[in-house]
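Trainee: Have a look at the structure that comes next, please.
The values are calculated or read from the model by the stated rules, or taken from the named source; none is laboratory data. What you are looking at is a predicted structure, and each value in this text was computed from that prediction instead of being measured. Every residue, glycine among them, receives a Cβ derived from its backbone with ideal geometry; neighbour counts consider all protein chains shown. Calculation scope for accessible area: heavy atoms of the full protein, side chains included, ligands and nucleic acids excluded. Shrake-Rupley method; radii C 1.70, N 1.55, O 1.52, S 1.80 Å.
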Amino acid sequence: MRGVRRDAAIVGVLLVACVLLGVAGGKDLNWDLSHYHVYIAFSLLHGRLGQDFMGASLHSYLNPLAHLPFYWMLAAGWESVAIGAVLALSQGLALALLYFIARSLLPRECGRAGALLSTLLGAAAVPYVSALGRTFTDVETALPVLAAAALLCSDALRSRPAGRMAAIGLLLGAAAGLKPTNGIYALAALAWPLMGSDRAKGLAAYAAGAAAGALVTGGWWAFLLWREFGNPVFPLFNALFHSPDFPPVNISFERYRPRELAAFLTAPLRMVLPEPGIYGELNAPELRILLTAAALAALGVRRLVSRAPAAEAAPPNPALAPLLVFFAIALLLWIATSFSSRYAVALLLLVGPLLGAVLSRLLARGAWLACALLALAAQAFAILQVSPTRLSPADPYAWTRHWLEFRVPAALASEPQLFIGIDRQSYSFLVLSFHPDSRLAAVRGHYTVNLDGPGGERLRSLLERYEGRTRTLGGNGLEPGQSRPAPAWVEAKNEVLGRLGLAVNADDCLPIESAEETDALAEAANQLVGVASHLPKRFIMSCGLRRVPVSQAYLRGRGQADAILDAAERACPRAFLAGIARSEQAGFGIWTRSYPNTELDLAWDGAENVFSVSQVDGRRTAVAELDTNGRPLASYHCPARRS
């Protein structure tokens, strides 16, 4: 009983540390929160799947289940600090599972201190630390993966191997149902029943459990999408399902995924580099995977040379070999499918206990302790030197009384409106403050909706139903002290909206202002944060829209843009996926295509220049220079994806 209390005390300290780190990181107002974290939960609970269309662009149709807890706390009016603390506490459960895994894998003589050290080594991952107290659900959806690993390491159900495999499959299937990118873990864990004594029975039990878990957490959402769009994973894999509301193409995650064999093989080496954009937005050097590989190689050489296992005080946990195989397979699948840090949180946490366990088989206790401490120090030093505590912004936001505090004009909240998102950011979180019968449609950004293209009928129906009650929703175009936007802003937005037969009513523009309130709890929390940012007073705006004819000039211009940008797609197929993007006017005479599977837009300035634009930093790269007939003067300069 004393040992249980000590373990509980250690776990308690880890959880408190996570809460303090989450609060010290400041209030999270990340881009995705404003774009879809709040909206998709609201959409589910209020049955808006068939009422809005692309309310938060493509992200409108992600499984909202994991976002419900944050939404419920937000809707209940909880203090923002309390919400952040609960989020960090739930994310801290990952360390509790890691501690249990480390206790199971390490020899007895390593003790609780060794297990704690291995747990901290696992926690020393930027994608994990940066997630504490934030609204991203990557850690929460990784908890079933860690629980499956913990079950494999434990003695639970060891006498019933089929039941054990079914329970593990249930956990990993649930993780994949919550977030499809967790499917790599469900596939990697197929190695576990195949390494057992009764492979056929174990595999059948695992498959049944995985199917049940996926149905429980994701099957209901897939059914709703199938019923509404004819595609259970809409808009993904639409080349297979052919929903009329999206182009018949498949979206893949190309932003960081290696495109060449050499880049694939050297991915763990490149993860060591202190540079952003290698395997995620963050500058997040990762040393532990290479250290684990080196320790495994050394252990293998030692056993080959000595022809006997290294001296060990206790028999090794039989789960270590299956876990290492699982880790290796999942690592390869992750690199091959996305190579995005947010989709590898479980891997980056598990590497700590695995590295500790391998070192404990290689070295005596004193040397093991020194090497594990050195590995932790090296990883911590690397990330503390170059990595921000938050993904975006690097400077945290100050805690306020409530998480989202905006003053929505009564005219937007008292009557039903159709809000047309005109920026890449949808600001769909504001749906909480609009009239319940209002509707949202984001028509540009990750996917461009045209009236004569996929999804056009849904948008046309909304425009007809809300004629005279249609407004923009986007960034603020009002100068300080002005109530009417500048003519240049109006002209640019009219170019964007012209394809829909809409134009801005510049005399009916209303700012949506931030209205921050502080209280004693927020002020106390801000003592931990230190220097913090505040939202600008007016950065969102809604303008009335009026119907106008779609001009023949627009149609001619789009035809010319289609020909030019189609040619660029054909010339650079590895940079721009043909068929997924539609040409749209972006204002100031520029025509663009936005690709949701990469970080690039393709653009034509309406004259002689074709160029790509980074969605991350706005950097332009020349693709082609055209003659007066729209033909390239020289060969295309195709931009390279990150690889």
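Trainee: How many residues does segment 546-604 contain that are part of a strand (DSSP E or B), of a type in the set (Phe, Trp, Tyr) and within 15 Å of Val496 (Cβ to Cβ)?
Mentor: Going through segment 546-604, the residues part of a strand (DSSP E or B) turn out to be 546-547, 584-587, 590-594, 600-604.
From what's left, of a type in the set (Phe, Trp, Tyr): 591, 604.
From what's left, within 15 Å of Val496 (Cβ to Cβ): 591.
Residues in segment 546-604 being part of a strand (DSSP E or B), of a type in the set (Phe, Trp, Tyr) and within 15 Å of Val496 (Cβ to Cβ): 1 in total.
Trainee: Identify the single condition in (1) in contact with a Leu (Cβ under 7 Å, 6 or more places away or on another chain); (2) assigned to a loop (DSSP other than H, G, I, E, B); (3) farther than 20 Å from Phe253 by Cα that Ala607 does not satisfy, given that it satisfies every other one.
Mentor: (1)
Trainee: While we're on this one: Look at Glu479 and say whether it is assigned to a helix (DSSP H, G or I) and open to solvent by 40 Å² or more (accessible area, probe 1.4 Å). Before you say what the answer is, go through the steps one by one.
Mentor: Numbers: assigned to a helix (DSSP H, G or I): no; open to solvent by 40 Å² or more (accessible area, probe 1.4 Å): yes.
No, not satisfied.
Trainee: Of everything in segment 505-527, what is closer than 20 Å to Ala410 by Cα and either assigned to a loop (DSSP other than H, G, I, E, B) or not hydroxyl-bearing (Ser, Thr, Tyr) (or both)? Give them in sequence order.
Mentor: Residues satisfying the conditions are Asn505, Ala506, Asp507, Asp508, Cys509, Leu510, Pro511, Ile512, Glu513, Ala515, Glu516, Glu517.
Trainee: Show me the helices (runs of 4 or more DSSP H) entirely contained within segment 344-443 in which 3 or more residues are in contact with a helix residue (DSSP H, G or I) (Cβ under 9 Å, 6 or more places away or on another chain) and open to solvent by 20 Å² or more (accessible area, probe 1.4 Å). Walk me through how you get there before you give the answer.
Mentor: On the way: elements: 345-362, 365-386, 410-413.
Ranges flagged: 365-386.
Trainee: A further question follows. Output the residue which, of all residues in segment 137-155 that are modelled with pLDDT under 95 and outside any helix (DSSP H, G or I), is nearest to Ser104 (Cα to Cα).
Mentor: Applying the filter and picking the extreme gives Ser154.
Trainee: Restricting to segment 259-271, name every residue that is over 22 Å from Asp601 (Cβ atoms) and either surrounded by 19 or more Cβ atoms within 10 Å (Cβ to Cβ) or in contact (Cβ under 8 Å) with a residue 24 or more places away in the chain (or both). Walk me through how you get there before you give the answer.
Mentor: Narrowing segment 259-271 to residues over 22 Å from Asp601 (Cβ atoms): 260-271.
Hits for segment 259-271 are Glu260, Ala263, Phe264, Ala267, Pro268, Met271.
Trainee: Right, next: Name the pairs: first residue in segment 226-251 and touching a residue at least 24 places away in the same chain (Cβ under 8 Å) and open to solvent by 30 Å² or more (accessible area, probe 1.4 Å), second residue outside any loop (DSSP other than H, G, I, E, B) and aromatic (Phe, Trp, Tyr), Cβ to Cβ under 8 Å, at least 6 apart or on different chains?
Mentor: Between residues of segment 226-251 that are touching a residue at least 24 places away in the same chain (Cβ under 8 Å) and open to solvent by 30 Å² or more (accessible area, probe 1.4 Å) and residues that are outside any loop (DSSP other than H, G, I, E, B) and aromatic (Phe, Trp, Tyr), the close pairs are Val233/Phe241.
Trainee: Given (1) within 25 Å of Tyr36 (Cβ to Cβ); (2) buried (at least 24 other Cβ atoms within 10 Å of the Cβ), identify the lone condition not met by Val129.
Mentor: That leaves (2) as the condition not met.
Trainee: Take the conditions touching a Lys or Arg at 6+ places or on another chain (Cβ under 9 Å), open to solvent by 20 Å² or more (accessible area, probe 1.4 Å) and charged (D, E, K, R) and apply them to Arg164. Does it pass?
Mentor: Yes; evaluated as a whole, the condition is true for this residue.
Trainee: Are there any pairs with C-beta distances below 6 angstrom linking a residue in segment 197-223 that is open to solvent by 50 Å² or more (accessible area, probe 1.4 Å) to a residue that is not small (Gly, Ala, Ser), with the two at least 6 apart or on different chains, and if so which?
Mentor: Going by the 6 Å Cβ cut-off, the qualifying pairs are Leu203/Pro193.
Trainee: Show me the helices (runs of 4 or more DSSP H) found entirely inside segment 1-93 where at least 3 residues are surrounded by fewer than 21 Cβ atoms within 10 Å (Cβ to Cβ) and among the small types (Gly, Ala, Ser).
Mentor: Per the criteria, 2-24.
Trainee: What about Ile101, is it part of a helix (DSSP H, G or I), open to solvent by less than 10 Å² (accessible area, probe 1.4 Å), of a type in the set (A, V, I, L, M) and closer than 28 Å to Leu440 by Cβ?
Mentor: no
Trainee: Working only within segment 511-551, note down all residues that are modelled with pLDDT under 85, open to solvent by 80 Å² or more (accessible area, probe 1.4 Å) and not basic (Lys, Arg).
Mentor: Selection gives Val531, His534.
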